Amino acid sequence: MRDVKPEPVEWLWEPYIPYGKIALIQGDPGDGKTTTAMAIAAAVSSGDALPGGYSTTPADVIVQNAEDGLNDTIVPRLTRFGADVDRVHFIDEDEMALTLSDERIEQSIIEKSAKLCILRPNPSLPRRRQYEQRQWRPSANEAACGSGGAYRLCHAVSRAYE
């Protein structure tokens, strides 16, 4: 450890969501994981302050949710929290389900210069299978860091970008 050079951590929302790292939201069903994630996405997309006064300039966000519908859950919650829905993006899974090893995540982060990527695995799978299905792609991590973003995973699972 003597040779390790400490580096400062940059935050989307200190001390909860660091840039270039993965942050988790975990809890029992009904605890509000998706609601919390959508409130964070709304604040980032609109530039509103997060609790504690941490504010950001409006930024693009990617939201993928294998549990809740876009029309009846995700968009209404984003709207209720004041999201700039033009800055919130979804990756099309009509032809192929998304996994964390899918290069579409990396492509979307780069194309949108997303500062936050929120991923919610399929809860109907056993937990072990959820993470096999959503294995993390190192190049997506590099893309996120390069765009200065963060991931927030809901189990949720996710990450933020500077």
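In this structure, does THR57 turn out to be of a type outside the set (D, E, K, R), farther than 23 Å from GLU111 by Cα and at pLDDT 85 or above? Against the criterion (of a type outside the set (D, E, K, R), farther than 23 Å from GLU111 by Cα and at pLDDT 85 or above), THR57 does not qualify. For PHE81, the conditions (1) among the aromatic types (Phe, Trp, Tyr); (2) surrounded by 17 or more Cβ atoms within 10 Å (Cβ to Cβ); (3) free of Cβ contacts under 8 Å to residues at least 40 places away in the same chain are fulfilled apart from (3).
SER108 - would you say it is in a helix (DSSP H, G or I) and either in contact (Cβ under 8 Å) with a residue 12 or more places away in the chain or closer than 21 Å to PRO15 by Cα (or both)?
When the stated conditions are applied, SER108 passes them.
Restricting segment 84-110 to residues that are closer than 20 Å to ALA39 by Cβ and of a type in the set (Asp, Glu) leaves a set whose member that is surrounded by the fewest Cβ atoms within 10 Å (Cβ to Cβ) is ASP86. Being touching a residue at least 12 places away in the same chain (Cβ under 8 Å) and in contact with a strand residue (DSSP E or B) (Cβ under 8 Å, 6 or more places away or on another chain): is that true of LEU70 here? Considered against the rule, which asks whether it is touching a residue at least 12 places away in the same chain (Cβ under 8 Å) and in contact with a strand residue (DSSP E or B) (Cβ under 8 Å, 6 or more places away or on another chain), LEU70 comes out as no. Pairs meeting the criteria (first residue in segment 20-44 and of a type in the set (Ser, Thr, Tyr), second residue surrounded by 15 or more Cβ atoms within 10 Å (Cβ to Cβ) and in a helix (DSSP H, G or I), beta carbons under 8 Å, at least 6 apart or on different chains) are THR34/THR73; THR34/ILE74; THR34/ARG77; THR35/ARG77.
The values are calculated or read from the model by the stated rules, or taken from the named source; none is laboratory data. All figures in this text were calculated on a predicted structure; none of them were measured in a lab. Neighbour counts run over all protein chains shown; Cβ positions are idealised from the backbone, glycine included.
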